[in-house]
Amino acid sequence: MYNKEKLARGLTLAADILAQEIRSLAKDQHYPKEVVPSIQVGTAEVTETAGRIAITSDGSRDEYGYTPYDMIVVYELGTGVHGATGKKYPIKPRKDGGLLVFEWLNRAPYDSSEDSTNKANIRNGMAYLPSVMHPGVKAKPILDTAIKNKQAQMLEIIGQNLEFKIFDGPRVEIIR
């Protein structure tokens, strides 16, 4: 039998290390700003046979209704031509008849050939469009990288916090 409190402490320390690595990589990979502070470490749960702990992203929604978790999935897996569908997808305003308004960073002229109804109105570095065919977001996976980067350190910490009690009749031996 193992010491549950020590295992819980080891799991918590290891999860803290992994969560910090995820935050660091998310920042380095320019994930949306809401992602980094949303990464949270849960409470370790330890039973007679196992221990577990969760690293989660809070469920707060931004002004468009997206959660940091939604953003992580997009950046982890990619979308559009970079994702599972391999195709561009339309983005339209939330209100019928509205326009999408965003900074126009592209130096090339707007190509509306994919959507003949898209009459580009670009002025003063701003685009005003009824819709766009978005190419998607290129995947910038960080979760596997975070685990690989910190796996040895996490296992060492969990191992340092394992303590087994072996019962052999009246004698108890503690193995660390």
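Summary of computed values
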read-out: Spin-label pair LYS27/ASN124, simplified geometry with 7 Å Cα→Cβ offset, distance in nm; value: 3.6 nm
read-out: Over 28 Å (Cα to Cα) - which of LYS33/LYS95; LYS87/LYS150; LYS33/LYS88; LYS33/LYS148; LYS87/LYS148; LYS4/LYS150 fall in this group; value: LYS87/LYS150; LYS87/LYS148
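The numbers here are math on the coordinates, done by the rules we state, and not lab data. Owing to the predicted nature of the structure, the values given are computational and were not obtained by experimental measurement. Note that each Cβ is placed from the backbone with ideal geometry, even for glycine, and that neighbours are counted across all protein chains shown.
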